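Asker: Before I ask anything, here is the structure I am working with.
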Amino acid sequence: MTTATANHDDHADHGHHGPAKGIMRWVLTTNHKDIGTMYLWFSFTMLFIGGAMALIVRTELFQPGMQLIEPEFYNQMTTMHGLIMVFGAIMPAFVGLANWMVPLMIGAPDMALPRMNNWSFWILPFAFGMLLFTLFTDAGAPNFGWTFYAPLSTTYAPSSVTYFIFGVHMMGISSIMGAINIIVTILNLRAPGMTLMKMPLFVWTWFITAYLLVAVMPVLAGVVTMMLMDIHFGTSFFDAAGGGDPVLFQHVFWFFGHPEVYIMILPAFGIVSQIIPTFARKPLFGYASMVYATSSIAFLSFIVWAHHMFTVGMPLQAELFFMYATMLIAIPTGVKVFNWVSTMFRGSMTFETPMLFALAFVVLFTIGGFSGLMLAIAPADFQYHDTYFVVAHFHYVLVPGALFGIIAGVYYWLPKWTGNYYSEKLGKFHFWMSFIGVNVTFFPMHFVGLAGMPRRIPDYALQFADFNAIATVGAFIFGLSQLVFLFLLIKTIRGGEKATDKVWEGAEGLEWTIPSPAPYHTFAEPPHVK
Amino acid sequence: MTSKLPESGTQSGPKPSNTALKLVLAAIAMFGFGFALVPLYDVFCEFAGINGKTAGQVEKVEQWVDTSRTIKVQFITTNNDGMPWEFETLQEEVEIHPGAWTQVAFWAFNPTQNDMVGQAVPSVSPSEAAQYVQKTECFCFDQQKLKAGEGRNMPLIFSLDPDLPDHVRTVTMSYTLFDAGAFAE
């Protein structure tokens, strides 16, 4: 991705200078394509680090009993895996895609705030450097789960918790700046004629996501600040002995946490809404309803947070309210799924790799949505709470959901970025290995969860052994198949069949009107949208 | 931040710097909102009578006593993890009429070699009964300081509001004792 844009300076036919040479190009760049590329490589690196942690967890769980690692280290691995995948892999990957594609899709020359863009990226390696460095301290890495419930993360936390808190502060600042940049770009830099209701859905979903980020990342910053004060400054926000309340932590955390899960899925909805019309060769069915459905999901995400805490001891009325409000989300989500299916209905479909990932997204995300609906049933949740059923649910929405959405987007736009087609054969191999791996890993978790296997415990009862062994095999298939993806990316960047400007036969939109690979500067003269 | 803006063409809204400023202010406001959730949480719990929190100290007023019904009031004591005190209720349960003032006592003993400070945190079950519990005196209102080896009877004077719903027959008052050394006043 990177070298291709560098090598094709001569393609930049607008009389602009090309990128600077050497490492300082990347440190000082304000170019949205460079920054998008760095975001994507960063998140891909984090995917492998977080994935390695997941494989350590799965290896320990291959058999009952403790064989490989200490329970304390197991807790660090589950915690760091969650934090890195959520904040380091999924979120920056979406920001990277937005950096690359939002200006190209709305006909803008760059992001609106390019220097802030540089800054928001370069905070991230330091934030995650700080988080990862705790692994090498005597205290060990954070071990209280990615949800860091107090008092586990305050009274009983390892001393490395302070690094964790500052790491979260930094990644929060990075996300907020990225989100502000995207909103300002979309509001101010659209090409003439690009009205809001003509914007591609990827832009729309990111627009809404960015508002969610501005609204809830500061609340996350607030909750870790309260932790910091409890730990170091003698306050007692979450300590009952001093008049605080640990349950308050869960409320504030999930007030951030639930919108956060939509932050991780709405841009994937957008990507899939770009890809399916392209390969079904039909316009997206129900464009306006997609916009309204996305907005409804975003609104509802603010009033459902306590469904994560049904077992904490809430009054019946609150349980009922959060149960029904949560179930309401199934309606706009269903609208989206049916719109995707209707787009495909009687379309001239072909099944290139991006389409395969998009189709797998629709099917497997829907499975994750249904298990979410089961978890939303308050009385049933008392059985499911903190079991592997929950693990199966959120991995179905995050891996074949968010991650497949990202991978689909990368395949879809890769020829535009590099100027080369990827190897369709290798792409399909990657898809099928990932598809099989992901299901073999996570589907058995539904069964062991329903049978009562608790999450976050390094050992388990004998009757869960077979399904756990299967899940571990699946995890290795899935993990190793991402190396195929890495190989394919490098191969495509280095060369391959030259891509046309339009790339895909059925592609529509401004990003397909510029040359492939995309020149370093695009849309210096704004296009006119009819 | 706006120096890289294009000169022409792409003007479909307000100035970017204004939009960015508004969004930065929104982010700061949401940071404040996170902290505002702390008092809001208490206000909401009190308003809705949930979380089993009882109100603070009330003035003792002689009120109408509903002798037509008797409520069983149970007392439970719990030590928070690692709190070494002996902490017991001297009456496991009492049967009272709503409106009548009742005094019970709890026993706390510090068996350690150190002077310590304890704080009891009350909770009422069913939570809907919490708002009908009136206390004129409770050891949970203040931190309890016990010297090494010291023990003490701690009083609780309370009544149940006669407006207590009819279907509530049993009220459980639970006290959890915390080591409040870090918060000693």
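Read the figures in this text as sums done on the coordinates, not as results from a lab. As the structure is a computational prediction, the values presented were derived from the model and not from experiment. For neighbour counting, all protein chains shown are included, and Cβ atoms are generated from backbone atoms with ideal geometry for every residue, glycine included.
Asker: Which pairs, out of A:Lys416/B:Lys15; A:Lys425/A:Lys491; A:Lys198/A:Lys336; A:Lys198/A:Lys530; A:Lys416/A:Lys502; A:Lys282/A:Lys502, put more than 20 Å between their alpha-carbon atoms?
Answerer: In this structure, A:Lys416/B:Lys15 exceed 20 Å between Cα atoms.
Asker: Find the percent of Cα-Cα distances in segment A:427-519 that exceed 17 Å, and round it to a whole number.
Answerer: Value for segment A:427-519 (Cα pairs over 17 Å): 65 percent.
Asker: Can you list residues from other chains, or at least 5 along the same chain, whose modelled amide H is less than 5 Å from the amide H of A:Asn420?
Answerer: Here the answer is A:Ala499, since their amide H atoms fall under 5 Å of that of A:Asn420.
Asker: I need the chymotrypsin sites (Phe, Trp or Tyr not before Pro) found in segment A:229-305, filtered to DSSP loop residues with at most 12 other beta carbons within 10 Å of theirs.
Answerer: Working: sites: A:Phe233, A:Phe237, A:Phe238, A:Phe249, A:Phe253, A:Trp254, A:Phe255, A:Phe256, A:Tyr262, A:Phe269, A:Phe279, A:Phe285, A:Tyr287, A:Tyr292, A:Phe299, A:Phe302, A:Trp305; in loops: A:Phe233, A:Phe237, A:Phe238, A:Phe285, A:Phe302.
Sparse-neighbourhood loop chymotrypsin sites (Phe, Trp or Tyr not before Pro): A:Phe233.
Asker: Treating the beta-carbon of each Lys and Arg as +1 and of each Asp and Glu as -1, no other charges, what is the dipole magnitude of segment B:53-118 about its Cα centre, to the nearest 20 debye?
Answerer: The calculated dipole for segment B:53-118 is roughly 220 debye.
Asker: If amide hydrogens are placed 1.01 Å from N in the peptide plane, which non-local residues have theirs closer than 5 Å to the one on B:Asn79?
Answerer: B:Leu177
Asker: Name the long-range amide H neighbours of B:Thr172: under 5 Å, sequence gap of 5 or more, or other chain; modelled H, no Pro or chain starts.
Answerer: Those lying under 5 Å, H to H, from B:Thr172 are B:Gln74, B:Ser125.
Asker: Further, regarding this structure: Using the crude model of +1 on Lys and Arg Cβ and -1 on Asp and Glu Cβ, and no other charge, please compute the dipole size for segment B:15-136 relative to its Cα centre, in debye to 20.
Answerer: It comes to approximately 800 debye.
Asker: Post the alpha-carbon centroid distance, segment A:252-289 to segment A:161-225, in whole angstrom.
Answerer: That distance is 15 Å.
Asker: I would also like to ask the following. Lysines within cross-link reach of A:Lys21: Cα-Cα under 16 Å, excluding same-chain residues under 8 positions apart?
Answerer: A:Lys33
Asker: Here's something else I'd like to know. Can you tell me the 0 to 90 degree angle between the C-alpha axis of helix A:388-397 and the longest principal axis of chain A, rounded to 10?
Answerer: 10 degrees
Asker: In whole Hz and in residue order, list the ³J(HN,Hα) couplings for segment A:130-139 that follow from phi through the Karplus curve 6.51 cos²θ - 1.76 cosθ + 1.60, θ = phi - 60°; x for Gly and Pro.
Answerer: Karplus values, whole Hz, x for Gly and Pro: 5, 5, 6, 5, 4, 4, 9, 8, 5, 5.
Asker: What residue among A:Thr78, A:Asn188, A:Pro332 has its Cα farthest toward the positive end of the dipole of chain A, where the charges are +1 on Lys, Arg and -1 on Asp, Glu, each on the Cβ?
Answerer: The residue sitting most towards the positive pole is A:Asn188.
Asker: What angle, in degrees between 0 and 90 and rounded to the nearest 10, separates the Cα long axis of helix A:266-280 from the longest principal axis of the Cα atoms of chain A?
Answerer: Once rounded, one gets 40 degrees.
Asker: A further question follows. Could you give the longest part of chain A that holds none of the GluC sites (Glu not before Pro) found in DSSP loops with at most 16 neighbouring Cβ atoms within 10 Å? Present the calculation step by step, with values, prior to reporting the outcome.
Answerer: Numbers: sites that count: A:Glu497, A:Glu505, A:Glu508.
Answer - A:1-496.
Asker: Another question, if that's okay. Name the residue farthest towards the positive end of the dipole of segment B:105-162 from the options B:Val124, B:Ala108, B:Ile157, assuming +1 on Cβ of Lys and Arg, -1 on Cβ of Asp and Glu, about the Cα centre.
Answerer: B:Ala108
Asker: By a straight-distance test (C-alpha under 22 Å), which lysines pair with B:Lys135 as possible cross-link partners, with residues fewer than eight away in the same chain excluded?
Answerer: Answer for B:Lys135, where 22 Å is the Cα cut-off: B:Lys53, B:Lys60, B:Lys72, B:Lys145, listed by chain and number.
Asker: For chain A, give the magnitude of the charge dipole about the Cα centre (Cβ charges: +1 Lys/Arg, -1 Asp/Glu; no others), in debye to the nearest 20.
Answerer: That gives chain A a dipole magnitude of about 1280 debye.
Asker: How large is ³J(HN,Hα), in whole Hz, for each residue of segment A:64-75 in order, when computed from phi with the Karplus curve 6.51 cos²θ - 1.76 cosθ + 1.60 and θ = phi - 60°, using x for Gly and Pro?
Answerer: These are the phi-based 3J(HN,Hα) values: x, x, 9, 10, 10, 10, 6, x, 4, 6, 4, 4 Hz.
Asker: Still on this model: If you fit an axis through the alpha-carbon atoms of helix B:16-48 and take the longest principal axis of the Cα set of chain B, what angle between them do you get, 0 to 90°, nearest 10?
Answerer: That works out to roughly 10 degrees.
Asker: Residue-wise, which Karplus ³J(HN,Hα) couplings in Hz belong to segment A:44-61, taking 6.51 cos²θ - 1.76 cosθ + 1.60, θ = phi - 60°, and x for glycine or proline?
Answerer: Residue by residue, segment A:44-61 yields 5, 4, 5, 4, 6, 5, x, x, 4, 5, 4, 5, 4, 4, 5, 5, 4, 8 Hz.
Asker: With unit charges on the beta carbons (Lys and Arg positive, Asp and Glu negative) and the dipole taken about the Cα centre of the protein assembly as shown, which residue among A:Thr418, A:Val448, A:Leu489 sits farthest to the positive side?
Answerer: A:Thr418
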